[in-house]
Structure formats: structure tokens, C-alpha cells
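Worksheet: the structure to be examined is printed underneath.
The values are calculated or read from the model by the stated rules, or taken from the named source; none is laboratory data. Nothing here was measured: the structure is a model prediction, and the numbers come from that model. So basically every Cβ, Gly included, is an ideal-geometry build from the backbone, and we count neighbours across all protein chains shown.
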Amino acid sequence: MQPKTSRELFDKVILPVYAPAQFIPVKGQGSRVWDQDGEEYIDFAGGIAVNALGHCHPRLVKALHEQSEKLWHVSNVFTNEPALNLAQKLIDNTFADRVFFANSGAEANEAAFKLARYYAIHKRNPYKTKIITFYQSFHGRTFFTVSVGGQAKYSDGFGPKPADIIHVPFNDLNAVKAVMDDHTCAVVLEPVQGEGGLTSATPEFLQGVRELCNEHQALLVFDEVQCGMGRTGSLYTYQQYNIKPDILTSAKALGGGFPISAMLTTNEIASVMHPGVHGTTYGGNPLACAVGCEAFDIINSPEVLDGVQKRRALFIEKLEEINDQFKLFREYRGKGLLLGAELQPKFHNKARDFLNVATEFKVMILNAGPNVLRFTPSLIISDDEIKEGMLRFAKAVEKVVNA
Ligand SMILES: Cc1ncc(COP(=O)(O)O)c(C=O)c1O
């Protein structure tokens with residue numbers, strides 16, 4: 001038995017890189033969470049777009065339990081059945097022929113960027129190393145991924161960065177054209193920018209970038225860590241745009257809450273790799289992949305995918321009711337259940353206030369930057385939970401607005 005802990009302990013023992021809420025969640029079921037005092041919260045945050053099937057989904061619990069009694073870890077010196085099964089599911093349902101498993105979004109992206117460079121250098125020429133990427137993008141916290149990401153607050157202060165990375169404005173095809181050349185190895189983007197404020201790529205932009213990549217033999221890399229795995233209403237968001245990337249990364253909802261990530265690519269691009277070029281100890285471990293297989297089967301079903309737009313509509317209906325009263329939001333952003341509500345200029349820089357006060361009223365929400373509230377609930381959250389959570393959120397809004 002571990003001793004009972006308190007939130008104060010966080011400030012003494014954890015590296016101060018987070019500022020978590022004052023309560024400690026101890027139990028979750030579906031879209032509800034309970035704290036140490038038994039207080040119940042409605043979860044519209046979903047672990048930042050991770051708990052796509054809510055907390056402790058019975059089929060995921062069963063898959064984890066069954067696998068936990070069979071085989072936990074063998075390393076990549078040996079393969080395992082759940083990893084092969086999950087790879088096959090990903091291949092059968094996407095553009096990809098090959099999968100590399102890792103443990104987090106950052107690691108999947110690190111693998112993707114290394115692969116893009118390696119492919120260009122070995123298949124084309126050693127100077128084809130330029131990566132074109134976008135302001136406000138987010139790809140993880142390793143040094144390569146913060147460098148490709150377009151937010152200085154995450155990448156600066158750590159000394160010299162990996163070279164030959166160029167940032168341009170998102171959705172601006174002319175800006176991409178201006179820097180694109182035969183030395184470009186890849187264009188990297190999130191089809192819906194998550195952390196950067198929930199901006200969706202326009203179809204013309206994605207189409208244009210695809211054509212530019214073809215023209216210059218550059219790879220198109222989609223980071224679908226946040227917007228993938230059903231979150232926007234299709235298995236992957238690229239499937240709504242009628243184009244294919246060359247490399248795609250997936251994480252978060254892929255394990256439904258169990259850490260796992262994947263990088264997907266084609267046979268042609270994968271052909272430059274060989275044993276030893278890249279790797280990880282835990283990537284593709286049986287526990288994560290067994291849960292991933294079950295999560296995949298549930299998410300990749302018409303019931304779950306078709307329900308996403310219906311739930312988005314209910315969220316927006318309820319947000320509009322709040323808006324009628326408080327004139328809080330300027331526009332709704334993102335896609336599906338990667339939903340953003342941009343605050344009116346009057347409330348700019350206040351997004352965090354709303355989420356802090358929301359916890360007082362027992363609802364968990366997120367922000368995406370200082371001006372956008374973000375809702376990334378379970379894809380199977382019930383209508384009643386949405387309504388109840390929005391009633392609680394409305395009370396939080398009233399408190400912030402009248403403060
Ligand atoms: C689009 C995107 N890429 C990469 C990451 C990094 O994932 P992780 O925190 O699992 O390393 C995130 C995390 O928020 C993300 O939203």
C-alpha cells in the first residue's frame with residue numbers, strides 16, 4: 001500500500017514543467033472522473049485527445065488484462081503477435097505498407113523526420129536536407145521535433161538547433177512555393193494544427209503542397225498525432241482531403257490511453273532502412289499493441305466514426321447557448337471532436353482562466369494557446385454527458401465573465 005498523497009507534493013517532487021489542476025484524479029469511467037475526495041468531474045479534455053473511448057473502456061481493460069497475463073515485453077530483438085496484428089490493421093486501412101512503432105508522438109515524429117532526411121540523402125543527394133514546416137505547428141518535445149515545430153517558446157534556449165529547417169505561414173501556398181526547391185526533403189504539417197489553435201488546412205493548400213512535393217521529389221509528412229484515429233470523423237484526417245501523404249505519424253488515441261505511437265510509410269520509402277538505422281526498446285511492445293488492436297477495431301467502425309459529427313453539432317449547439325448569453329466566442333474551429341472555440345478579443349489571453357474555473361464547477365476542458373478553448377472528449381461521450389458538462393461549463397463562464 002502506498003501512502004496517501006496530496007497535490008502539495010507535486011510542487012516538491014516533480015520537475016516544474018507543468019502546472020496541473022489542484023485536484024488529483026484517482027478513478028475514471030467513460031467520460032467521468034473522480035478525485036481523491038470522491039468529487040465527480042465530466043471530462044471534455046480526454047487526456048488531450050488520448051482517451052478516445054473514455055476511461056477504462058471494458059474492451060480495452062479486457063485486452064490489457066489478457067495480454068498482461070501472457071507477455072509484457074521482449075524488445076525488438078524478437079517480434080510479437082500484437083505488434084504484427086496492429087501493423088496489419090494500420091496498413092489495411094491507410095495508404096501505408098510499413099509501420100514503425102514507438103511510444104509517444106514525439107518519437108514517431110523523430111522517426112519520420114529522420115526517415116525523410118535519410119531517404120532524400122540516400123536516394124537523391126546529400127544536400128537534399130531542407131525541411132519546410134509551419135508557424136504555430138507542434139510536433140513534440142525532442143530537440144528535432146521542437147525545432148521542426150513552429151513555436152519558439154518550445155524550441156529556444158537549448159543551444160544550437162538542427163539546421164536546414166524553414167518555417168512559413170500555415171495555409172499559405174505561395175509562402176511554401178517561395179522556399180521550395182530541389183534541396184527540400186520534406187514538407188511537414190498537421191492537417192489540423194492542434195496545440196497551435198485548431199486551424200484546419202484548406203483543401204487547396206494540401207492539394208497544392210502535394211503537387212509541389214511531387215514536382216521537387218520531396219516527401220509530404222502528416223503529423224496526425226492529435227487529429228488522427230477517428231478524432232475528426234474519419235480514421236485519419238487526410239482521408240477527407242483526397243490526397244495521400246508519404247509518411248504519417250499517429251499516437252494519442254492509437255492506444256486509447258496506453259502509450260503507443262506509430263509512423264506509417266510506403267514500401268518505396270521504407271526500402272532505404274535496414275537493421276540498426278533507427279530503433280527503440282519499447283516500441284511495439286505487446287501490452288501497448290494488444291490495447292491498440294482493440295482500440296483500433298472499436299474506433300474504426302461506422303458507429304464511432306459517424307457519431308463524431310453528431311456530437312460536434314451538439315457541442316456547438318450548447319456553446320452557442322452560452323454565447324447568446326455571454327458573447328464569449330468569435331468562431332468555432334478544428335474538425336469533428338477536435339473542437340476549438342476562439343474567444344472574442346475582449347477575452348484574449350484568458351483561455352487558462354476558463355479552464356481553471358471549469359474545474360471548480362467539475363468539468364475538465366483544455367485550451368489551445370491563450371485565445372482558444374479546446375474540447376477533445378471521448379468519441380463516444382453520451383448526449384447527456386455533453387449536456388451536463390455544458391451546464392457546468394456555463395456556470396464557470398458566468399464566474400469568469402463576472403469576475
Ligand atoms: C500534433 C502533435 N504532434 C506531436 C505531439 C507530441 O506527442 P507526445 O506528447 O506524445 O510526444 C503532440 C502532442 O500534443 C501533437 O499534438
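Any chance the range 341-360 includes a residue that's polar (S, T, N, Q) and touching a residue at least 60 places away in the same chain (Cβ under 8 Å)? Checking the range 341-360: at least one residue is polar (S, T, N, Q) and touching a residue at least 60 places away in the same chain (Cβ under 8 Å).
Against the condition away from the ligand (no atom under 13 Å from the Cβ), at pLDDT 95 or above and farther than 17 Å from Ala201 by Cα, how does Ala253 come out, does it pass? Considered against the rule, which asks whether it is away from the ligand (no atom under 13 Å from the Cβ), at pLDDT 95 or above and farther than 17 Å from Ala201 by Cα, Ala253 comes out as no. Any idea which residue in the range 95-111 is farthest from the ligand (Cβ to nearest atom), counting only those that are touching a strand residue (DSSP E or B) at 6+ places or on another chain (Cβ under 6 Å) and closer than 15 Å to Lys244 by Cβ? Once the filter is applied, the top-ranked residue is Arg98. Exactly one residue among Lys161, Lys177 is within 19 Å of Thr202 (Cβ to Cβ) and modelled with pLDDT of 95 or more, and that residue is Lys177. Would you pick out the residues in the range 48-77 that are of a type in the set (A, V, I, L, M, F, W, C), more than 16 Å from the ligand (Cβ to nearest atom) and in contact (Cβ under 8 Å) with a residue 60 or more places away in the chain? Correct list: Leu53, Leu60, Ala63, Leu64, Leu71, Trp72, Val74. Pairing each residue of the range 325-338 that is within 24 Å of Gly47 (Cβ to Cβ) with any residue that is at pLDDT below 95 and assigned to a loop (DSSP other than H, G, I, E, B), provided the two are 6+ apart or on different chains, yields C-beta distances under 8 Å for Arg333/Gly197.
Summed over the range 134-172, residues that are in contact with a Gly (Cβ under 7 Å, 6 or more places away or on another chain) and either more than 12 Å from the ligand (Cβ to nearest atom) or more than 28 Å from Gly208 (Cα to Cα) (or both) total 3.
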